[in-house]
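Worksheet for the structure shown next.
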Amino acid sequence: METKAEGSSRVRNSPIWRNIWQLHIPNAEKHFLWRACHDILPTRVNMCSCKVIMDPSCPICMREFETVFHTLWQCPSASDVVEAMFSKHDRLEFLQFVGIARRIWLRRNEVIHGRSFLNPNRIVQQATQAMEVFQTLMDRRKITAAPAEQPTVHTWMASPHGWFKANWDARVDRRKGCVGFGIVIRDHLGQMWASKCQTCHGFLDPPAAEAVASFMVAQLCTEMGIRQVQLEGDAKNLIDAITSNDADESGWGQLTKDIRFTLRSIPVWEMRYTRREGNRVAHILARLAMHETMNTVCLYNPPDCIRDILQAEISVL
């Protein structure tokens, strides 16, 4: 395991990445900058390389392949925003550009999902206001006394640097005779890479439903090519059975074997128990699937029902 982690450790200890985390900007913008520098934003070129889509062309200008550099600088839609920034300021500070670049990316996502194209001046205004609010909050924090120590709360914790964390949950509706499965996969910065909502009709008891959900999350991690992952659920007996070397004689014993076999495709993995408070996003997705028949996988862009809670959990990292 130490050998596999050596490459990511060198990246983590690089002065460039240390400098990113020390920037006085909101965490969301640090996360965005880190992803952009690593070229892991879901641009059309990157999604083509993962065989998610076939056309790498920029969805805005349709002139060039959509790389990170093209999206944030070369594309006419990006240069319009930079020009609007220069019209209001004598020079473009790096920290200002990070905020603007993130909003260029968010506007790009809004457009490809059928929403309106935000005016360049509005992008600049949003970035400027966000930085002003952030600086005000930082100034207040410096002069505010430290709050009293709070009791420990079991909540979602990010995975180690370079790892992914995959949470799963299952909810059973005995009256309807259906099960809802919820899965969310996030990187060590808390950014969502994939989520899944699926409904299964036909009654399953809760332990069997949790076993099916854990098999589904193992499959999804394998299909995404994830190489280091922490898998977390709130079904302690199931997790103990999967991680044990003993034969599982329970009713879902064969499924436990299938889960172990699927996990062999992932070079480095851990499976851990978490309380419900640390599994809230997967729980919400499972509950949604229990009430509404669906089979949906979202890549990178979280569904509305979990967007706020994802952001809230990132903000405390």
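Just so it is clear, none of the values below were taken in a lab; they were calculated from the coordinates. Bear in mind the structure is a predicted one, so any value in this text is a computation, not a measurement. Cβ coordinates were reconstructed from backbone atoms using ideal geometry, including for glycine residues, and neighbour counts include every protein chain displayed.
Could you pull out the GluC sites (Glu not before Pro) across the stretch 168-247 that fall in loop regions by DSSP (anything but H, G, I, E, B) with no more than 16 other Cβ atoms inside 10 Å?
Answer by residue number: there is no such site.
Report the extension gain between HIS291 and ARG175 in nm, rounded to one decimal, defined as 0.36 nm multiplied by the number of residues separating them, less their alpha carbon distance.
40.6 nm
Set the Förster distance to 51 Å, then compute FRET efficiency between GLU110 and ASN237 from the Cβ-Cβ distance, nearest 0.05.
The calculated FRET efficiency here is 0.70.
Return PHE117, PHE97, PHE181, PHE164 ranked ascending by Cβ neighbour count within 10 Å, so the fewest neighbours appear first.
Least to most surrounded, the residues fall as PHE117, PHE97, PHE164, PHE181.
With each label point set 7 Å from Cα along the Cα-Cβ vector, what nm distance links CYS298 and LYS257?
Calculated label separation equals 3.8 nm.
So if each residue of separation counts as 0.36 nm, and I subtract the Cα-Cα distance between MET224 and ILE40, what length gain in nm does that give?
64.9 nm
Roughly how many Å is it from the Cα centre of the stretch 28-77 to that of the stretch 164-234, as a whole number?
What the calculation gives is 28 Å, centre to centre.
With labels modelled as points extended 7 Å from the Cα through the Cβ direction, what inter-label distance (nm, one decimal) is found for CYS50 paired with ARG276?
3.2 nm
Give, in nm to one decimal, the length gained when the segment between SER315 and ASN121 is fully stretched (0.36 nm per residue of separation minus the Cα-Cα distance).
Here the segment from SER315 to ASN121 would lengthen by 67.1 nm.
For CYS197, CYS75, what's the fewest-to-most ordering of other Cβ within 10 Å of each Cβ? Don't skip to the end; give the middle numbers.
Working: CYS197 25, CYS75 22.
Fewest-to-most ranking of CYS197, CYS75: CYS75, CYS197.
Under 1.5 on a/c is rounded, so check that first for the stretch 164-315, then, if it is not, pick prolate when a/b is larger than b/c and oblate when it is not; a ≥ b ≥ c are the square roots of the alpha carbon gyration tensor eigenvalues.
Since a/c reaches 1.5 but b/c is at least a/b, the shape of the stretch 164-315 is classed as oblate.
Go through TRP193, ALA211, GLY177 and say which Cα lies farthest out towards the positive end of the charge dipole of the stretch 168-213; charges sit on Cβ, +1 for Lys and Arg, -1 for Asp and Glu.
Of the options given, the answer is GLY177.
Work out the length of the dipole vector of the stretch 164-315 about its Cα centre, built from +1 on the beta-carbon of each Lys and Arg and -1 on the beta-carbon of each Asp and Glu, and round it to the nearest 20 debye.
Its charge dipole is roughly 160 debye.
Once the dipole of the stretch 179-317 is set up with Lys and Arg at +1 and Asp and Glu at -1 on Cβ about the Cα centre, which of ASN237, GLY225, THR256 lies farthest towards its positive end?
My answer, from the dipole projection, is GLY225.
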